[in-house]
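Enquirer: Before we start, here is the structure in question, set down as structure tokens.
Throughout, read-outs are computed from the coordinates displayed, never taken from laboratory work. All values derive from a computational prediction rather than experimental measurement. Here the Cβ is made from the backbone with ideal geometry for all residues, glycine too, and neighbour counts use every protein chain on show.
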Amino acid sequence: MLLNVLAVGDVVGEGGQDILSRRLPGLREETGTHFCVVNGENASGVGITPAQARRILEAGADVITLGNHTWNRIQIGAYLDKEERILRPANYAGRVPGRGMGVYQCHGLRVGVLNLMGRVDLNPNLDSPFKAANFHVNRREYDLLLVDFHAEATSEKGAMGWHLDGRAAAVWGTHTHVPTADCRVLPKGTGFVSDLGMTGPVNSVLGIKVENSLNLFLGGLPRRYEEAEGNCKLNACLFTIDTEKKTCTAVRRADIEE
Ligand SMILES: [Fe+2]
Ligand SMILES: [Fe+2]
């Protein structure tokens, strides 16, 4: 069969959660989505609370992935240990709560989801995401593998796509909050995009108030960032996967802007 996987970019704040709750059910139906992964690291602006994670799952996410803001709301730690449908990056070097890889049943298949985080211009203290990917691929606990690579550099993300070509059904990037136009299927059948973008306020800098960001770049006193207001967008990509060949046949953007 052809399995449609919808991957949704970083959900930012109340506005992001609101558009996700209102529009994800319809988008799932319209795209024939069988399995949906949502990056939730910015549900609180920075971080995510258990209540926000529950809201994202109720909106229609099968799995939530996270990133560099995982620990900004530290109360998520205990929740990560007990809720299997939320993952934090697998390559944290320390002894942190939760898990970075999960295997989920979907239409008789074991769908593996792996959350990784980049080191370039992000967190040099992490274990290698490339070696972590090898470790999980070699365990072969799944029929199909989906990877959210939360990273800053397009070079590191592109390299991960090629590293996993033919070994993962899909590899997508998150974190930059800016959608990229490079959806493609790599030669050995891995669907790839450098960044999904974000789900949050349109008139903003990466989801936060323009004046907060400009203040910093103009040399003002650092202030607490606030979520921008106004209309929101939902950035997502749809990966169509041939479950017999275990390869991706098509990738396209599936964005909504209100
Ligand atoms: Fe991030
Ligand atoms: Fe983010």
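Enquirer: Identify all lysines with a Cα-Cα distance to residue 157 below 23 Å; exclude those on the same chain that are fewer than 8 residues away in sequence.
Expert: Filter leaves 131, 188, 246.
Enquirer: For residue 162 and residue 2 in one chain, what is 0.36 nm times their gap in residues minus the Cα-Cα distance, to one decimal in nm?
Expert: Details: separation 160, 0.36 × 160 = 57.60 nm, distance 2.28 nm.
Extra length available between residue 162 and residue 2 comes to 55.3 nm.
Enquirer: OK, next. Hey, got the dipole for segment 2-257? About the Cα centre, +1 on K and R Cβ, -1 on D and E Cβ, debye to the nearest 20?
Expert: Numbers: 28 positive and 29 negative charges, 122 e Å.
Around 580 debye, computed over segment 2-257.
Enquirer: Which whole-Hz ³J(HN,Hα) couplings does segment 106-111 yield from phi under the Karplus relation 6.51 cos²θ - 1.76 cosθ + 1.60, θ = phi - 60°, glycine and proline marked x?
Expert: 8, 6, x, 10, 9, 9
Enquirer: From the backbone phi of segment 73-90, what are the Karplus-calculated ³J(HN,Hα) couplings (6.51 cos²θ - 1.76 cosθ + 1.60, θ = phi - 60°) in whole Hz, Gly and Pro given as x?
Expert: Ordered by residue, 3J(HN,Hα) equals 10, 5, 5, 6, x, 5, 5, 4, 6, 9, 9, 6, 8, 10, 10, 10, x, 6 Hz.
Enquirer: What do you get for trypsin sites (Lys or Arg not before Pro) in segment 69-103 restricted to DSSP loop and a cutoff of at most 11 other Cβ within 10 Å of the site's Cβ?
Expert: Hits after loop and neighbour filter: 95.
Enquirer: Still on this structure, please answer the following. Given H placed 1.01 Å from N in the peptide plane, which residues other than close sequence neighbours of residue 168 have an amide H under 5 Å from its amide H?
Expert: Close amide H contacts, sequence-distant or interchain: none at all.
Enquirer: Compute the separation of the alpha-carbon centres of segment 135-149 and segment 36-61 and state it in Å as a whole number.
Expert: Using only Cα atoms to place each centre, the spacing works out to 23 Å.
Enquirer: Quick query: amide H of residue 11 versus all other amide H atoms, modeled in the peptide plane; which residues come in under 5 Å with a sequence gap of 5 or more or a different chain?
Expert: Residues meeting the amide H criterion: 39, 40, 41, 42, 199.
Enquirer: 5 Å is the cut-off here: which amide hydrogens, built 1.01 Å from N in the peptide plane, fall below it relative to residue 87, excluding neighbours closer than 5 in sequence?
Expert: Counting only residues 5 or more places away or on other chains, the set is 64, 65, 66.
Enquirer: At 7 Å along Cα-to-Cβ for each site, give me the label-to-label distance between residue 78 and residue 221 in nm.
Expert: 3.7
Enquirer: Pick from 156, 141, 244: which residue has the top mean-square fluctuation in a GNM of the chain where Cα pairs under 10 Å get a spring?
Expert: 244
Enquirer: Dividing the alpha-carbon radius of gyration of the chain by 2.2 N^0.38 Å (N being the number of residues), what value is obtained? Kindly include the intermediate steps, with their values, before the conclusion.
Expert: On the way: Rg = 17.0 Å, N = 258, 2.2 N^0.38 = 18.1 Å.
So the Cα radius of gyration is 0.94 times the expected 2.2 N^0.38 Å.
Enquirer: Could I ask something else about it? Would you look at the GNM of the chain, springs on alpha carbons closer than 10 Å, and say which of 60, 197, 94 moves the most?
Expert: The residue that fluctuates most here is 94.
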